[in-house]
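Before any comments, here is the structure.
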Amino acid sequence: MERVTIGGQAVIEGVMMRNGGKYAIAVRKPDKEIAIDINDFVPVGDRNRLLKLPIIRGVVNFVESLVIGIKTLTYSASFFEEEEEGETDEKKEAVSNFFTVALSLVLAVGLFMLLPAWLASLLDGVIENHMVVALIEGVIRLAIFLGYVWLISLMEDIKRTFMYHGAEHKTINCLEAGDELTVENVMRHTRFHKRCGTSFLFIVMFVSILVFMCINTETMWLRLLLRVLLVPLIAGISYEFIRYAGRHDNACANTLSKPGLWVQRLTTREPDADMIEVAIKSVEGVLDWRKYLEDMRKDAA
């Protein structure tokens with residue numbers, strides 16, 4: 001029996017879990033009940049074989065995850081709005097999600113790609129070696145990324161979201177270890193995971209240093225344009241590494257994964273039992289984990 005690979009995301013007072021063509025959002029409502037929303041979808045990669053090719057599949061998966069992430073955040077936020085405005089029009093919601101995703105991408109590229117490139121370009125007249133300038137640009141990019149993560153981690157609402165992030169990781173680690181999903185079992189597992197989106201973003205920062213060190217152009221507008229055009233390539237390479245690291249437990253994968261795991265100390269917090277319960281409910285929305293563990297044990301016997 002093939003092992004499943006479950007991914008997830010923390011949302012507002014809840015957790016989203018995804019398994020293949022299904023994802024579920026479990027949210028702890030203000031009345032303390034847990035609401036669960038289960039959705040089926042056809043992954044974009046299943047519609048065209050070319051979209052499953054290495055590098056390309058990373059870009060597709062990143063955009064698809066971003067779209068689903070916005071939808072799940074919108075769903076979880078709906079339980080905490082002060083005034084209900086009636087049923088949401090699906091077309092309006094789709095348009096809103098599109099512009100939210102587009103704006104998120106524009107802001108991310110501007111803050112983490114273009115701004116560091118512009119700041120590093122101020123050294124062009126001082127440092128003649130373009131590889132050194134590219135390295136400094138990468139250090140600036142990492143500093144902005146880590147600074148951004150640290151600043152948002154100080155916000156009270158974000159701290160709770162990071163606790164749910166920890167609950168998501170602990171639950172997935174418990175399942176992958178072959179343990180039953182009880183609150184007590186999940187609590188014993190680590191809140192860090194090699195396939196985390198935080199690790200992916202850190203790898204993106206690192207890969208961008210290597211890629212941009214190989215490119216030399218003195219024209220500023222062309223330099224900035226290349227930073228934008230090469231984002232899909234960098235994301236695709238980073239995805240392949242995260243995918244490899246998540247499926248292998250060897251010295252190379254574990255060593256290269258450590259920096260991303262260190263950054264997760266900022267983006268995850270130890271959850272409480274109620275949060276673990278929500279994460280377990282989310283897994284149950286996409287997988288019959290009891291039957292899955294039973295089948296895995298039979299195969300191992």
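Against the condition without any contact (Cβ under 8 Å) to a residue 12 or more places away in the chain and either surrounded by 14 or more Cβ atoms within 10 Å (Cβ to Cβ) or not in a helix (DSSP H, G or I) (or both), how does Ile158 come out, does it pass? The answer is yes for Ile158. Inspect region 273-282 for any residue being under 23 Å from Asn61 (Cβ atoms), surrounded by 23 or more Cβ atoms within 10 Å (Cβ to Cβ), among the aliphatic types (A, V, I, L, M) and touching a strand residue (DSSP E or B) at 6+ places or on another chain (Cβ under 7 Å) and give the result as yes or no. Checking region 273-282: at least one residue is under 23 Å from Asn61 (Cβ atoms), surrounded by 23 or more Cβ atoms within 10 Å (Cβ to Cβ), among the aliphatic types (A, V, I, L, M) and touching a strand residue (DSSP E or B) at 6+ places or on another chain (Cβ under 7 Å). Among residues belonging to region 3-39 that are open to solvent by 50 Å² or more (accessible area, probe 1.4 Å) and out of contact with any strand residue (DSSP E or B) (no Cβ under 7 Å at 6 or more places or on another chain), point out the one that is nearest to Ile172 (Cα to Cα). Ranking the qualifying residues of region 3-39, first place goes to Thr5. Out of region 242-258, which residues are of a type outside the set (A, V, I, L, M) and open to solvent by less than 40 Å² (accessible area, probe 1.4 Å)? Hits for region 242-258 are Gly246, Ser257. Tyr75 meets all of the listed conditions (1) in contact with an Asp or Glu (Cβ under 8 Å, 6 or more places away or on another chain); (2) farther than 14 Å from Ala24 by Cα but one, namely (2). If we keep just the residues of region 52-84 that are of a type in the set (Lys, Arg) and open to solvent by 60 Å² or more (accessible area, probe 1.4 Å), which is farthest from the chain's Cα centre (by Cα)? Once the filter is applied, the top-ranked residue is Lys52. Return the residues of region 166-182 that are in a helix (DSSP H, G or I), of a type outside the set (D, E, K, R) and surrounded by 19 or more Cβ atoms within 10 Å (Cβ to Cβ); say none if nothing qualifies. If the condition is that a residue be in a helix (DSSP H, G or I), of a type outside the set (D, E, K, R) and surrounded by 19 or more Cβ atoms within 10 Å (Cβ to Cβ), then Gly166, Ala167, His169, Thr171, Ile172, Cys174, Leu175 are the ones that fit. Within region 183-211, the set of residues being polar (S, T, N, Q) and open to solvent by 50 Å² or more (accessible area, probe 1.4 Å) comprises Thr190 only.
Residue-wise test of (1) outside any helix (DSSP H, G or I); (2) at pLDDT 90 or above.
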site	(1), (2)
Ser208	no, yes
Thr217	yes, no
Tyr239	no, yes
Tyr244	no, no
Pro271	yes, yes
Met275	no, yes
Lys298	no, no
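Out of Val11, Val15, one residue alone is touching a Leu at 6+ places or on another chain (Cβ under 7 Å), within 19 Å of Met163 (Cα to Cα) and of a type in the set (A, V, I, L, M, F, W, C). It is Val11.
The values are calculated or read from the model by the stated rules, or taken from the named source; none is laboratory data. Predicted model, so just to flag it, every value in this text is computed and none were measured. Don't worry about glycine lacking a Cβ; one is built from the backbone with ideal geometry, like all the others, and counts go over all protein chains shown. The accessibility values were calculated without ligands, DNA or RNA, using every heavy atom of the protein model including side chains. Shrake-Rupley method; radii C 1.70, N 1.55, O 1.52, S 1.80 Å.
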